[in-house]
Amino acid sequence: MVGLLVYPITDKQIERTWKTTEKTFLKLVDENKIVAIRENENIVLYEKLREKQVIKTHWIKKEYHAYHFGTKLLENTLGRKEFSFPKSLYTVFDTVKLMTNSNDLILDFHAGSGTTGHAILKLNEEDNGNRQFILVEQLNEHIDICIERIQKVIEQNNINDNFTYLEPKKYNQTFIE
Ligand SMILES: C[S@@+](CC[C@H](N)C(=O)[O-])C[C@H]1O[C@@H](n2cnc3c(N)ncnc32)[C@H](O)[C@@H]1O
């Protein structure tokens, strides 16, 4: 038998990482849960799903990809690379769409780069909703990015809405509009 090395490199030659450790992978092979298929010039590995298997996630839309629709999307909004691993805008967008009514007030106590605020502004635009949000963040550098992001989303999309923020340390507990 001839051994073939298979690397996690996409068609566009982007290097990815394996989904599991070698040990877990070999266990899956032993359990006959992996199948290797030749597709054109490549060997592609698939994990088999059984009919009665409880699936791990329904969140499989390509828009949930954190790099393309999180990191790159934030980069495009800010005009520079600033924040490591924001969530995909669409993961939060779909969550808010599923879980809220159009007049709800939504609190994100771990706001990070402000994905939740961005998603709510976008959803309000799409369904003419009137959701409001409160974002709380502890790290100064994340606060700055979060504020800038929300301001830019409002500007770039000509959103006619108010955004007010409070920065206790820098501004001595004053509201800034
Ligand atoms: C995983 S990040 C959130 C990322 C965000 N959902 C996004 O996609 O941009 C978690 C954030 O929670 C913040 N955080 C952690 N503990 C906190 C606390 N007690 N109060 C406020 N923010 C907190 C961290 O500083 C970090 O920015």
Identify all residues within the stretch 83-93 that are more than 13 Å from His65 (Cβ to Cβ) and at pLDDT 95 or above; write none if there are none.
Val92, Phe93
Subset of the stretch 19-56 [touching a strand residue (DSSP E or B) at 6+ places or on another chain (Cβ under 9 Å) and of a type in the set (A, V, I, L, M, F, W, C)]
Phe25, Leu28, Ile34, Val35, Ala36, Ile37, Ile43, Val44, Leu45
Does Leu78 meet the test of being within 11 Å of the chain's Cα centre (by Cα), within 16 Å of the ligand (Cβ to nearest atom) and closer than 19 Å to Ile150 by Cβ?
no
Name every residue in the stretch 24-51 that is surrounded by fewer than 11 Cβ atoms within 10 Å (Cβ to Cβ), farther than 26 Å from Tyr67 by Cβ and at pLDDT 85 or above, in order of residue number.
Asp30, Glu31, Asn32, Arg38
Taking the stretch 41-86 as the search range and keeping residues that are of a type in the set (A, V, I, L, M) and part of a loop (DSSP other than H, G, I, E, B), which one is farthest from Asn158 (Cα to Cα)?
Leu49
For the stretch 152-168, give me the residue count where each residue is surrounded by fewer than 14 Cβ atoms within 10 Å (Cβ to Cβ), under 17 Å from Asp108 (Cα atoms) and not hydrophobic (A, V, I, L, M, F, W, C).
1
Of the conditions (1) part of a helix (DSSP H, G or I); (2) more than 22 Å from Glu141 (Cβ to Cβ); (3) among the hydrophobic types (A, V, I, L, M, F, W, C), the single one that Val92 does not satisfy is (2)
Single match in Phe85, Phe109 (criterion: within 11 Å of the ligand (Cβ to nearest atom), without any contact (Cβ under 8 Å) to a residue 40 or more places away in the chain and over 15 Å from the mean Cα position of the chain (by Cα)):
Phe109
Candidates Glu126, Glu155, Glu141 - the one that is free of Cβ contacts under 8 Å to residues at least 12 places away in the same chain and within 12 Å of the ligand (Cβ to nearest atom)
Glu141
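The values are calculated or read from the model by the stated rules, or taken from the named source; none is laboratory data. Note that this is a predicted model, so its numbers are computed, not measured. Positions of Cβ are backbone-derived with ideal geometry, glycine not excepted, and every protein chain shown enters the neighbour counts.
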